[in-house]
1. Treating only the Cβ of Lys, Arg, Asp and Glu as charged (+1, +1, -1, -1), what charge dipole size does segment 156-210 show about its Cα centre? Round to the nearest 20 debye.
2. In percent, how large is the relative contact order of the chain, given Cα pairs closer than 8 Å and 6 or more residues apart?
3. Rounding to the nearest 20 debye, state how big the charge dipole of segment 1-98 is about its Cα centre with +1 on each Lys and Arg Cβ and -1 on each Asp and Glu Cβ.
4. Please compute the Kirkwood hydrodynamic radius over segment 5-108, one decimal place, Å, based on all pairs of different Cα atoms.
5. If Lys and Arg each add +1 and Asp and Glu each add -1, what is the summed charge of the other residues whose beta carbon sits under 15 Å from the beta carbon of Q208?
6. Please compute, over every Cα-Cα pair in segment 101-210, the percentage with a separation greater than 17 angstrom.
7. Could you tell me what a quarter of the Cα convex hull surface of segment 61-127 works out to, in nm² with one decimal place?
8. Suppose the chain between E114 and V55 were pulled fully straight at 0.36 nm per residue; how much longer would it get relative to their current alpha carbon spacing?
Amino acid sequence: MFDLDGVVFDTEPQYTVFWGSQCRLYHPEHPGLEHEIKGSTLDQIYDKWWNGSLVQEREAVTQRLNDFEARMDYTYIKGLEDFIADLHRNGVKTAVVTSSNQPKMQSVFRAHPEFKSLFDAILTSEDFAESKPSPDCYLRGAARFGVSPQECVVLEDSFNGLKSGRAAGMFVIGLATTNKKEDIEPLSDMQMVDYQDINFQKLNKIWQDI
């Protein structure tokens, strides 16, 4: 089960640019805030940072975000497509499990018409009762395929996402695309920077050896 941003697409640097502009506008007293909120859902960001008198600004920020996401460059993490094809050849089901919403996914589908064919299931924020780091999303992903958590592998880049996979009792792979390898190591069973040096055989051996 793949998270989306920072795991399927190399989009995190673009989000840093967007949130940097908003944080400087609304929270000039807190430089670097855009780095602190990485991996948080929009609701989590709003609850903590756009509250009180800033609640009235949420609608404007959301509209800017929707416009930004419609123009984003959705570039696959290197090696992703070959890795997924190899998983499918070996009978492995794949799913996207993301906190992104349906409007964001429509932008993804426009940029990549083939996207839906890469995955057997796509679960978005509308499918979950609780946001990461709750395990709810990944447990629902396992239920979608009718398998136990112990049969699942989670691929994540953010701290909240890694915690979610761990809490679900799944094998967790950390992508060092958003955070440093040494920072995500305590929250993951293995780490990698992209998919160029991994395939089903290698992954299965590592998984079974742990």
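1. Working: 6 positive and 9 negative charges, 27 e Å.
It works out to roughly 120 debye.
2. Details: 307 pairs, mean separation 47.9, N = 210.
Result for the chain is 23 percent.
3. Details: 9 positive and 17 negative charges, 15 e Å.
Dipole size: approximately 60 debye.
4. Working: mean 1/r = 0.0649 Å⁻¹.
Hydrodynamic radius (Kirkwood, Cα pairs) of segment 5-108 is 15.4 Å.
5. Values: positive: K202, K205; negative: E151, D189, D209.
Neighbour charge sum, excluding Q208 itself: -1.
6. Values: 3603 of 5995 pairs.
Of all Cα-Cα distances in segment 101-210, 60 percent exceed 17 Å.
7. On the way: hull surface 19.6 nm².
Mean projected area of the Cα convex hull: 4.9 nm².
8. Numbers: separation 59, 0.36 × 59 = 21.24 nm, distance 3.78 nm.
The span from E114 to V55 would gain 17.5 nm if fully extended.
The values are calculated or read from the model by the stated rules, or taken from the named source; none is laboratory data. Because the structure is predicted, anything quoted here is derived from the model rather than measured. Using ideal geometry, Cβ is built from the backbone for each residue, glycine included, and neighbour counts are taken over all protein chains shown. Surface accessibility is based on the protein's heavy atoms, side chains included, excluding ligands, DNA and RNA. Shrake-Rupley method; radii C 1.70, N 1.55, O 1.52, S 1.80 Å.
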